[in-house]
Amino acid sequence: MAFLGAPGPAAAQSDAGPARTPTVTRLVQAFGELESRLDAATRTHDAATLDRLLAADFELRGAARPGVPMPRAQFMEQAGAKPDSAARIEQMAVHDLGPTAIVSFILRHSGDATAEFIVDVWGTTGTERKLQIRYASPGGMQAAQPRAAVPDGSDNLPKKY
């Protein structure tokens, strides 16, 4: 499957020295696997897996209509309308807040030039992680985004571990 839980290839070498190879953290790997299972279940209309991964009160909030969330039942019903191609995750970040984790990433489908910026809120139910809320908006090159100043002048913000 073409679903990756790690950022794309390392940047080309510069005069400053060799390029750094991104390291996938334990959390990025774990949530990358959860997101991969969710994507596969969505593409294959696997209601049993979606049922296990989505919280009972799950909702999807889109940028176009943030005040009108899509409830769980409608999300599961529309799962079949998604492109039938594996998705690829880029630029994943995970913020572990104990029983809640906030996962953000760019989601691209194979052969599709569009991308979505996703923020997923995963909660813990017993010993299992369940997706509680998904925020989705156009992402990648189609979304206008102001460039924030980075202390070292590169495109990389320092990681907090």
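So here's what we get for this one:
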{"read-out": "Scope region 52-82; condition under 11 Å from L131 (Cβ atoms) and not in a strand (DSSP E or B); matching residues", "value": "R52, L53, R72, F75"}
{"read-out": "Residues located in region 37-51, provided they are surrounded by 15 or more Cβ atoms within 10 Å (Cβ to Cβ) and part of a helix (DSSP H, G or I)", "value": "R37, L38, D39, A40, A41, T42, R43, T49, L50"}
{"read-out": "Region 1-40, residues that are among the aliphatic types (A, V, I, L, M) and at pLDDT below 90", "value": "M1, A2, L4, A6, A10, A11, A12, A16, A19, V24, A40"}
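The values are calculated or read from the model by the stated rules, or taken from the named source; none is laboratory data. If you're wondering where the values come from, they're calculated on a predicted model, not measured in any experiment. All Cβ positions, even for glycine, are placed from backbone atoms using ideal geometry, and neighbour counts span all protein chains on display.
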